[in-house]
Amino acid sequence: MGDTGSLTRAEEALRLVQENPAEAIRLGTAVSRLSRRQSDLGAASVAERAVGLASVHLHDLSGASRQRGRAVELAQRQGSAELAAEARMTLAFALNRYGRPEIALDEMGAALADLRPSSRIRGLTQRAAILQQLGRLDEALADYRMAVPALRRAGDHVWLQRALLNRGVLHAFRLSYGAAARDLHEAQEICARMGLTLPAAFVEENLVLLHRRLGDVTSALEHFHAAQRLYQQLGAPYGSLLLEGSELMLSVGLHGEAREAAERAVAEFVRTGRQVSAPEARLLLARAAVLDGDPGYGMAQARRALREFSRQGRLEWAALADCAVVLAQSETSNGRRASLRRLADVAARAESAGWAESALDVRLLAARAAHERSLTPEARRLLELASRPRHHGLAASRARAWYALAVLRRDGCDLRGSSTAAARGLQILDDYRATMAATDLRARVSGLGVELARLGLANAIAGGNPVEVLSWAERGRARRLLQRPTLPPSDPALAHLLAELRSVVAELTEQHRERGHASHGLVDRQEKLEREIRDVMRRQRGGASPPGGVPQADTSVSALTPSLGGAALVEFAEAHGVLYAVCLVDGHSSLRCLGPMEAVAGLVRWLPFALRRLARHTAADSASAAVVLVRRVAQDLDGLLAAPLHETVGQRPLVLVPTGLLQSMPWSLLPSMAGRPVAVAPSATLWRDVMARAPLPGSVAVVAGPGLPGAEREAVEISRIHGIRPMLGADASVDAVTRVLSRASLLHVAAHGSARADNPLFSSLQLADGPLTVYDLERLDREADTVVLAACESGRDVVLAGDEMIGLGAALLSRGSRNVIASVVPVPDAATRPLMVALHQGLAHGTPVAHALAQAQSGIDQDDPSAFAAAAGFVCVGAGFTCTAKELVSVAQ
């Protein structure tokens, strides 16, 4: 027999499992050795249980298996049925965690028979968790109902928080969000009061799930960050948190990030032997891969998950995996499609198992299949079932349910009712977007409503009313820019990260200049800083939606005509692969069909290539050939885009609202546009709002960044026009330029520009101390009235689904600028000076911005290939037909 000291230390090791699993293993191992030497087998059994349980938390399956075997053996040798039963509880926990829930349930049954009343309550809590894992939720809830009050009466707070944690998740899956929040917050309070670090991480992780299902993405990200910090503090793996993060990224349309997180989760679960969690991660990876454009890989992962769930006897999860298989199969380019009967059966089983969102998706797929086979009654039945959950659930699922109703009504020849349903779905996404401040999250949400917007647009085109077509074209584009979020508070941590990023990028640039390459460590540091900046911004909270939701923009003829004056508005829209244009001229609207979008897209894709070739070739013959190519492509595009509209718009100045690839069109290249003032806008509604903005008076500032041939000479000449001193050399730092930007009327920046397709929020202008990024611009409460970016591709915003734009130009418009002049295609930076000087001469004389740009482009020597290429790519984005604020004052005088 041993003394009570060994047992006390063994129990301390058991307690440490919740705070510091690694320390629990160290202490438990030491106590076990000492207790066995002292023949204190009871204390040794408890110590081995502590080591086994801590090994489970640290995902060491072999260690957990060894220790639980020793714990049972030592308890039996001690002759203590109670200790052996408690050891079996640990064994059951490990078995369940590693993919053997049915055997774990048998072990729990054996353990419960030998446990004393206080321990039996803990056993019920653990059995409930196993039943919950198996999907037997009613049985699990019954055990929790007995266990939770008893644990409260006994003051067993460690096990109480465990029960509350698991029951909170169960409530969330049953859509009882109030009950889930109460359980999880009580568990959180217990962890904080008792210093339970690891359980606190579990609680934070499950609060991610709760807030994601509530549609509160910002709060979910805050809890994700808190959980990640706790896991890293303990050195514990966090594959389950990665899984929640993947779900969260899917909920806002970030499919690539969701796939990456799911892949990491699968790898971690496989590495640590978490056989219960591995198929769940595979299933999520399957969904993310399909949405990320890789259905073959997604189908392989879904099928493997289905096999693993079936082996584990988890039939509810198998029903969800079946949904993933048929959805992936539908996206593959070859192979047999699932039969209509199978689709209907899969959806019914998923709904019965509680997977309402997946059942909805499969029913939409089945309805399309029924349509293709002219089985109209069956299609309508499936659509009616799919439309039912439109008033509850996740925002994306409710929007899809409204889409199902819109299709159902369209099939019943009720176009107005169909469009009303589609509008309701888009309003849900507008409200969802309004809760977020981060630009990338807000932009991606628009992708969730693409099918709704397309359906409404198709209905409007079928109706033939140009005003309705214009209204629906507007509903499907640039919604983020129409909902300006509350300005994030000044964040010193973010400012520090941005400053450090500038320092790292400057050092990278220097290494490239000196060595021709940069160190891997510095590149890794840049990537890490960019992730940290992105994550800090994503946790910023958006403003609440106004009562009744986000108001719809007025796109009526009477609303837009007063702002147009003598100009014409042309808004492009695509439906079913056909390009249309709505024209608004002198208070009259018309709709024109321009033909297949494929023909236009092919030519538009040629232009950057041709201009890049022109910018790079200095030999006369090569440059001349490139000019011929550019002009031929432009002529062909003119025949498709402009010539069909000539009778309607004549020679009027134009407001152009492009779609898709047309967002990066260098419009001045088209013969019909040469010399014509053109304002390009992300949406007609935004253009009208920008035109209505009060001018922002202020100074004129001219900036030259480093390493750009001719930038300083350009800056000096432009400064002379305005009678000011340019910002050159070290004076052109990011802080100095942002200070000027927030109080200037007119800002000109001649600098290297970088358009980042991989992360457009890090698109930048290179200044003296590093890059000025979109993130820097978004921290300002106002920006210059007119901004000229004499930098290659500085106006080339990245266009996402829903015609959402992210980049330097979009950031400036969203923060108060009325006019942005920038290049949308590659141009020879060194040759921009003549164009820019001519542009500023016009601005200094009070010429409206789009007119000044058109005049400057017309004055360029068309036979000089470099000058031609430099002038071709610049467009005026925004209002266009206003003077700079400074000149408005002088004109009025």
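The values are calculated or read from the model by the stated rules, or taken from the named source; none is laboratory data. Because the structure is predicted, anything quoted here is derived from the model rather than measured. Counting neighbours? That spans all protein chains shown, and the Cβs are built from the backbone with ideal geometry, glycine included. Ligands, DNA and RNA are stripped out before the accessible areas are found, and what is left, the full protein with its side chains, is counted by its heavy atoms. Shrake-Rupley method; radii C 1.70, N 1.55, O 1.52, S 1.80 Å.
Values as computed for the structure displayed
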{"read-out": "Inter-residue pairs, beta-carbon under 9 Å, first exposed (fewer than 14 other Cβ atoms within 10 Å of the Cβ) and in the range 692-710, second in a strand (DSSP E or B), 6+ apart", "value": "GLY707/GLN766"}
{"read-out": "Test result for VAL737, surrounded by fewer than 20 Cβ atoms within 10 Å (Cβ to Cβ) and out of contact with any Gly (no Cβ under 8 Å at 6 or more places or on another chain)", "value": "no"}
{"read-out": "Subset of the range 346-360 [surrounded by fewer than 22 Cβ atoms within 10 Å (Cβ to Cβ) and among the hydroxyl-bearing types (Ser, Thr, Tyr)]", "value": "SER352"}
{"read-out": "Output for the range 658-688, where each listed residue is within 19 Å of THR847 (Cα to Cα) and of a type in the set (Ser, Thr, Tyr)", "value": "SER668"}
{"read-out": "Cβ pairs under 6 Å, 6+ apart, first in the range 361-383 and without any contact (Cβ under 8 Å) to a residue 60 or more places away in the chain and open to solvent by less than 50 Å² (accessible area, probe 1.4 Å), second hydroxyl-bearing (Ser, Thr, Tyr) and part of a helix (DSSP H, G or I)", "value": "LEU365/SER330"}
{"read-out": "Cβ-Cβ under 8 Å pairs, at least 6 apart or on other chains, the range 147-162 side touching a residue at least 60 places away in the same chain (Cβ under 8 Å), far side among the charged types (D, E, K, R)", "value": "VAL158/ARG15"}
{"read-out": "Qualifying residue in the range 716-733 (condition: out of contact with any helix residue (DSSP H, G or I) (no Cβ under 8 Å at 6 or more places or on another chain), modelled with pLDDT under 90 and part of a loop (DSSP other than H, G, I, E, B))", "value": "no"}
{"read-out": "The range 393-441: number of residues that are outside any helix (DSSP H, G or I) and in contact with a helix residue (DSSP H, G or I) (Cβ under 7 Å, 6 or more places away or on another chain)", "value": "5"}
{"read-out": "Single match in ALA129, ALA94 (criterion: closer than 26 Å to ILE190 by Cβ, in a helix (DSSP H, G or I), modelled with pLDDT of 70 or more and of a type in the set (Gly, Ala, Ser))", "value": "ALA129"}
{"read-out": "Filtered residues of the range 734-765 (kept if assigned to a loop (DSSP other than H, G, I, E, B) and touching a helix residue (DSSP H, G or I) at 6+ places or on another chain (Cβ under 9 Å))", "value": "ALA751, HIS752, ALA755, ARG756, ASN759, SER763"}
{"read-out": "Selection status of ARG688, surrounded by fewer than 23 Cβ atoms within 10 Å (Cβ to Cβ), basic (Lys, Arg) and under 33 Å from the mean Cα position of the chain (by Cα)", "value": "yes"}
{"read-out": "Qualifying residue in the range 649-657 (condition: out of contact with any Pro (no Cβ under 6 Å at 6 or more places or on another chain), small (Gly, Ala, Ser) and either at pLDDT 95 or above or farther than 26 Å from ALA810 by Cα (or both))", "value": "yes"}
{"read-out": "Within the range 640-709, strands (runs of 3 or more DSSP E) holding 1 or more residues that are more than 29 Å from GLY602 (Cβ to Cβ) and touching a helix residue (DSSP H, G or I) at 6+ places or on another chain (Cβ under 9 Å)", "value": "699-704"}
{"read-out": "Close pairs (8 angstrom Cβ cut-off, 6 or more residues apart or separate chains): in contact (Cβ under 8 Å) with a residue 40 or more places away in the chain in the range 652-675, among the polar types (S, T, N, Q) and surrounded by fewer than 21 Cβ atoms within 10 Å (Cβ to Cβ) anywhere", "value": "ALA674/SER858; GLY675/GLN855; GLY675/SER858"}
{"read-out": "Hits in the range 711-726 (condition: open to solvent by less than 40 Å² (accessible area, probe 1.4 Å) and touching a residue at least 24 places away in the same chain (Cβ under 8 Å))", "value": "ALA711, GLU714, ALA715, ILE718, HIS722, PRO726"}
{"read-out": "Flag if SER387 is small (Gly, Ala, Ser), assigned to a helix (DSSP H, G or I), under 26 Å from GLY425 (Cβ atoms) and touching a Phe, Trp or Tyr at 6+ places or on another chain (Cβ under 9 Å)", "value": "yes"}
{"read-out": "Scope the range 13-50; condition open to solvent by less than 40 Å² (accessible area, probe 1.4 Å), of a type in the set (S, T, N, Q) and in a helix (DSSP H, G or I); matching residues", "value": "SER32, SER35, SER45"}
{"read-out": "Among residues of the range 208-251, those that are open to solvent by less than 20 Å² (accessible area, probe 1.4 Å), over 19 Å from THR197 (Cα atoms) and not in a helix (DSSP H, G or I), counted", "value": "1"}
{"read-out": "Boolean, LEU457 is of a type in the set (A, V, I, L, M) and either more than 30 Å from ALA757 (Cβ to Cβ) or in contact with a Ser or Thr (Cβ under 8 Å, 6 or more places away or on another chain) (or both)", "value": "no"}
{"read-out": "Test: residue in the range 854-874 that is modelled with pLDDT of 90 or more and aromatic (Phe, Trp, Tyr)", "value": "yes"}
{"read-out": "Test: residue in the range 334-345 that is assigned to a loop (DSSP other than H, G, I, E, B), open to solvent by less than 20 Å² (accessible area, probe 1.4 Å) and free of Cβ contacts under 8 Å to residues at least 40 places away in the same chain", "value": "yes"}
{"read-out": "All positions within the range 417-448 that are among the basic types (Lys, Arg), in contact (Cβ under 8 Å) with a residue 40 or more places away in the chain and open to solvent by 20 Å² or more (accessible area, probe 1.4 Å)", "value": "ARG444"}
{"read-out": "Residue within the range 687-696 that is closer than 18 Å to ILE860 by Cβ, out of contact with any Phe, Trp or Tyr (no Cβ under 6 Å at 6 or more places or on another chain) and among the acidic types (Asp, Glu) present", "value": "no"}
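Okay, residues lined up against (1) among the basic types (Lys, Arg); (2) touching a strand residue (DSSP E or B) at 6+ places or on another chain (Cβ under 7 Å); (3) over 25 Å from GLU19 (Cα atoms):
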| position | (1), (2), (3) |
| --- | --- |
| LEU137 | no, no, yes |
| ALA147 | no, no, no |
| ALA154 | no, no, no |
| LEU184 | no, no, no |
| PHE202 | no, no, no |
| LEU207 | no, no, no |
| ARG212 | yes, no, yes |
| THR218 | no, yes, yes |
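Yes/no per residue for (1) surrounded by 20 or more Cβ atoms within 10 Å (Cβ to Cβ); (2) in contact (Cβ under 8 Å) with a residue 40 or more places away in the chain:
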site	(1), (2)
SER556	no, yes
ALA573	yes, yes
ALA601	no, yes
PRO608	no, yes
ARG613	no, no
VAL630	yes, yes
GLN635	no, no
GLY639	no, no
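Here's the yes/no breakdown for (1) out of contact with any Gly (no Cβ under 7 Å at 6 or more places or on another chain); (2) of a type outside the set (A, V, I, L, M, F, W, C):
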{"residue": "LEU291", "(1), (2)": "yes, no"}
{"residue": "MET299", "(1), (2)": "yes, no"}
{"residue": "ARG307", "(1), (2)": "yes, yes"}
{"residue": "GLN312", "(1), (2)": "no, yes"}
{"residue": "GLN329", "(1), (2)": "no, yes"}
{"residue": "THR332", "(1), (2)": "no, yes"}
{"residue": "ALA359", "(1), (2)": "yes, no"}
{"residue": "HIS392", "(1), (2)": "yes, yes"}
{"residue": "SER397", "(1), (2)": "yes, yes"}
